[in-house]
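The values are calculated or read from the model by the stated rules, or taken from the named source; none is laboratory data. Here the structure is a predicted model, which is why all the values come from computation and not from measurement. Heads up, the Cβs are rebuilt from the backbone with ideal geometry, glycines too, and the neighbour counts pull from every protein chain shown. The protein model used for the area step is the full one, side chains on, heavy atoms only, and it has no ligands, DNA or RNA in it. Shrake-Rupley method; radii C 1.70, N 1.55, O 1.52, S 1.80 Å.
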Amino acid sequence: MSKALLEVKNLKKYFPIAKGVLGKSKESVKAVDDVSFVINKGEAFGLVGESGSGKTTIGKTILRMNDKTAGKVLFNGEDVHKLSKKELQKLRPKMQYIFQDPYSSLDPRMRIGDAIGEPLLQHGLATPENVREKVEEVLVLCGLAPYHIDRFPHEFSGGQRQRIVIARAMALEPDFIVADEPVSALDVSIQAQIINLFSDLKEKRGLSYLFISHDLSVVEHLCNRIAIMYLGTIVELADRDELFNNPLHPYTKALLSAIPIPDPTLKRNRIILKGDIPSPANPPSGCRFHTRCPYATEKCTIEVPQFKKVIEGHEVACHLV
Ligand code: SF4
């Protein structure tokens, strides 16, 4: 049995709503509302949902780029939100964040060698004598060439820039990476190459990922387990094959139905959800999905469905299950 690297326990992150100059508001946006999951060592964990479901807030709160409202984040058993500034600084290289947009993630005035080398020097992972060699090594590891070290970001394509961003994270020898929509800004033809790179690095370095995406097909080949998020909560969590073969939550079924089938002779019954995702400042009563669910009953509008185990490793929150 794999050992837990990251444990997220009943995590909540609420953002207060500003009420202008006359006073503070008591209302808040419940971006993440009581979320729990575990990521094991060497595991890729997918977090999937529409934009506005709270995925990015979870990623940032895990890495303490946000304060939490309640709950715990344990990394190798240590409570990340209780660490002192110094302890957090020491932990930083081990937990890296890769953002969606490889264009804004890199300083256009900085050569690639400096963009990757400076954090290495800051964290004492290289010396001025060997930093160049270390940067070249990590460029090659991420599918780039050693001579790229002296170039500027504008000299690269989108896919190459995302490789550079991944190389910058990998240089710090992390154990865990939050990859936040890392391929959604790239052409479809390049996306598979970057997913393959994530997969190779996982095998070579024993990395663990929290892989955030709005698209189930992106996480399908990389992730061992997948959680589906809706409006700040996880509604279904299962092993990848179990989720794809036996989806139980109506929202998961709708997301799966949106994945195109490569064979033109086969047709999938697309489930079109009505309306947009409601505001997390004022989530619907009962099941948060009831305003868009084709199977909603009166009970769904009143009672919150419990997140319960269906079989080992497969949990879902729906009154129908
Ligand atoms: Fe739909 Fe009701 Fe299940 Fe929610 S609890 S997903 S509204 S059937």
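For Leu273, the conditions (1) farther than 22 Å from Asp33 by Cα; (2) near the ligand (Cβ under 10 Å from one of its atoms); (3) touching a helix residue (DSSP H, G or I) at 6+ places or on another chain (Cβ under 7 Å); (4) open to solvent by less than 80 Å² (accessible area, probe 1.4 Å) are fulfilled apart from (2). Summed over the range 136-158, the residues that are buried (at least 19 other Cβ atoms within 10 Å of the Cβ), under 26 Å from the mean Cα position of the chain (by Cα) and part of a helix (DSSP H, G or I) give a count of 3. Being more than 23 Å from Phe198 (Cα to Cα), part of a strand (DSSP E or B) and either at pLDDT below 95 or open to solvent by less than 10 Å² (accessible area, probe 1.4 Å) (or both) holds for only one residue in Val21, Val73, and it is Val73. Given the condition out of contact with any Phe, Trp or Tyr (no Cβ under 9 Å at 6 or more places or on another chain), in a loop (DSSP other than H, G, I, E, B) and hydroxyl-bearing (Ser, Thr, Tyr), answer yes or no: does some residue in the range 294-316 qualify? The answer is yes, given that some residue of the range 294-316 is out of contact with any Phe, Trp or Tyr (no Cβ under 9 Å at 6 or more places or on another chain), in a loop (DSSP other than H, G, I, E, B) and hydroxyl-bearing (Ser, Thr, Tyr). Checked against the criterion of being surrounded by fewer than 12 Cβ atoms within 10 Å (Cβ to Cβ), within 13 Å of the ligand (Cβ to nearest atom), in contact (Cβ under 8 Å) with a residue 24 or more places away in the chain and not polar (S, T, N, Q), the candidates Pro283, Pro294, Pro278 yield just one match: Pro294. Within the range 98-124, residues that are modelled with pLDDT under 90 sit with their Cβ atoms under 9 Å from residues that are open to solvent by 70 Å² or more (accessible area, probe 1.4 Å) and assigned to a loop (DSSP other than H, G, I, E, B), at 6+ positions apart or across chains, in these pairs: Ser105/Phe99. Scanning the range 297-321 for residues that are at pLDDT below 95 and open to solvent by less than 50 Å² (accessible area, probe 1.4 Å) yields a single hit, Gly313.
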